[in-house]
Amino acid sequence: MPVPGFPDSYELLKYHGATDIRGGSQSTFEFACHKDDYDVVRAIFLRALDANDLTLQCASVSRDYLAVKDADEIIYKCTANFIPSWRLESLIPDQPFRWRLRGGSQSFTLRSELWKWASNEPINNDTVKPLMSIATCDVVLYGTRSVYDPSTYAAYVDTVNADTILGVPPGYMMFGQGPTASPRQLEDGTMTWDVEIPVTVRWVATWNEFFNEDTGYFEAIKDADGNPMFASINYAPLLEVP
């Protein structure tokens with residue numbers, strides 16, 4: 001029976017759907033069609049939503065021979081694979097960046113003469129340095145861009161956020177490393193770039209504050225002209241579509 005919107009040779013063979021609380025929900029449509037109709041059917045499926053589960057979207061379509069009668073009567077058996085929409089959206093070019101988080105830490109040594117052993121003896125061994133460790137949060141902004149210029153994010157390197165972003169107040173997020181980018185080809189042959197931008201959040205103090213061993217507090221420092229160690233820049237454009 002013809003299916004509205006599909007070529008007459010299209011025939012649905014099997015449907016499978018799975019809902020997974022761990023984020024692995026998926027579905028598959030197995031169907032047959034004439035070889036001359038394959039490109040049309042594939043175009044209908046790719047990036048389409050699953051009408052049975054609107055949280056899933058088609059990410060790939062594969063094909064195999066079902067029957068070969070002659071050169072003009074080749075029937076394909078195909079499978080359309082659906083994955084959670086948010087995962088597919090992160091692979092589509094020029095969408096707002098998403099982000100993932102990972103715990104980290106920052107450690108630095110303190111002056112030995114300000115500390116003592118449990119026996120109350122001074123620390124005379126210069127190779128033994130008291131170590132302070134504070135928690136940080138490594139944040140990776142990621143997404144796909146149709147065009148990538150290495151200089152795009154150059155102005156952000158070695159700066160801190162001047163605005164509140166992802167709930168982080170000004171000064172507590174640092175763009176301390178350059179981004180990474182990898183080329184990827186889409187289903188139509190278009191080349192894109194998968195981009196990741198690492199930033200680091202430190203909650204104990206802003207990145208322009210340093211630990212003053214004399215006072216025991218984090219305090220801001222400035223150069224001879226009154227400038228902080230790290231310049232501030234608006235980070236909101238990092239998440240936006242260029």
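The values are calculated or read from the model by the stated rules, or taken from the named source; none is laboratory data. These numbers come from a predicted model, not from an experiment. Positions of Cβ are generated from backbone atoms using ideal geometry, with glycine treated the same way; all protein chains shown enter the neighbour counts.
Got at least one residue in segment 141-159 being in contact with a Gly (Cβ under 8 Å, 6 or more places away or on another chain), farther than 30 Å from ARG87 by Cβ and modelled with pLDDT of 95 or more?
No, the conditions are met nowhere in segment 141-159.
Given ASP20, ASP36, ASP53, ASP8, which one is farther than 22 Å from LEU186 by Cβ and in contact with a Gly (Cβ under 7 Å, 6 or more places away or on another chain)?
On the way: ASP20 fails: in contact with a Gly (Cβ under 7 Å, 6 or more places away or on another chain); ASP36 fails: in contact with a Gly (Cβ under 7 Å, 6 or more places away or on another chain); ASP8 fails: in contact with a Gly (Cβ under 7 Å, 6 or more places away or on another chain).
Only one candidate passes the filter, namely ASP53.
Would you point out which residue out of ASN227, ASN234 is of a type outside the set (Phe, Trp, Tyr), more than 25 Å from the chain's Cα centre (by Cα) and surrounded by fewer than 15 Cβ atoms within 10 Å (Cβ to Cβ)?
Working: ASN234 fails: more than 25 Å from the chain's Cα centre (by Cα).
On inspection, the qualifying residue turns out to be ASN227.
Across segment 170-185, which residue is surrounded by the fewest Cβ atoms within 10 Å (Cβ to Cβ) among those that are hydrophobic (A, V, I, L, M, F, W, C) and within 18 Å of ARG98 (Cβ to Cβ)?
ALA181
Taking SER107 and the conditions (1) under 31 Å from the mean Cα position of the chain (by Cα); (2) surrounded by 15 or more Cβ atoms within 10 Å (Cβ to Cβ); (3) assigned to a strand (DSSP E or B), which numbered condition does it fall short on, given that it satisfies the others?
Failed condition: (2).
Just one of (1) β-branched (Val, Ile, Thr); (2) under 30 Å from ARG47 (Cα atoms); (3) at pLDDT below 90 trips up THR190, so point out which.
(3)
If the Cβ limit is 9 Å and pairs must be 6+ apart or interchain, which residue in segment 192-206 that is outside any strand (DSSP E or B) pairs with which residue that is surrounded by 17 or more Cβ atoms within 10 Å (Cβ to Cβ) and among the small types (Gly, Ala, Ser)?
Here the result reads ALA205/GLY171; THR206/GLY171, each pair linking segment 192-206 to a residue that is surrounded by 17 or more Cβ atoms within 10 Å (Cβ to Cβ) and among the small types (Gly, Ala, Ser).
How about segment 132-176: which of its residues are touching a residue at least 60 places away in the same chain (Cβ under 8 Å) and either charged (D, E, K, R) or in a helix (DSSP H, G or I) (or both)?
Answer for segment 132-176, where residues must be touching a residue at least 60 places away in the same chain (Cβ under 8 Å) and either charged (D, E, K, R) or in a helix (DSSP H, G or I) (or both): ASP138, ARG145, ALA155, TYR156, ASP158, ASP163.
Can you list residue pairs whose Cβ atoms sit under 7 Å apart, with the first residue in segment 225-242 being without any contact (Cβ under 8 Å) to a residue 40 or more places away in the chain and the second being assigned to a loop (DSSP other than H, G, I, E, B) and loosely packed, with under 13 Cβ neighbours inside 10 Å? Count only pairs 6 or more apart in sequence or on different chains.
Once the first residue is without any contact (Cβ under 8 Å) to a residue 40 or more places away in the chain and sits in segment 225-242, its partners that are assigned to a loop (DSSP other than H, G, I, E, B) and loosely packed, with under 13 Cβ neighbours inside 10 Å give MET229/ILE221.
Go through segment 29-70 residue by residue and tally those that are buried (at least 19 other Cβ atoms within 10 Å of the Cβ) and closer than 16 Å to ASN81 by Cα.
12
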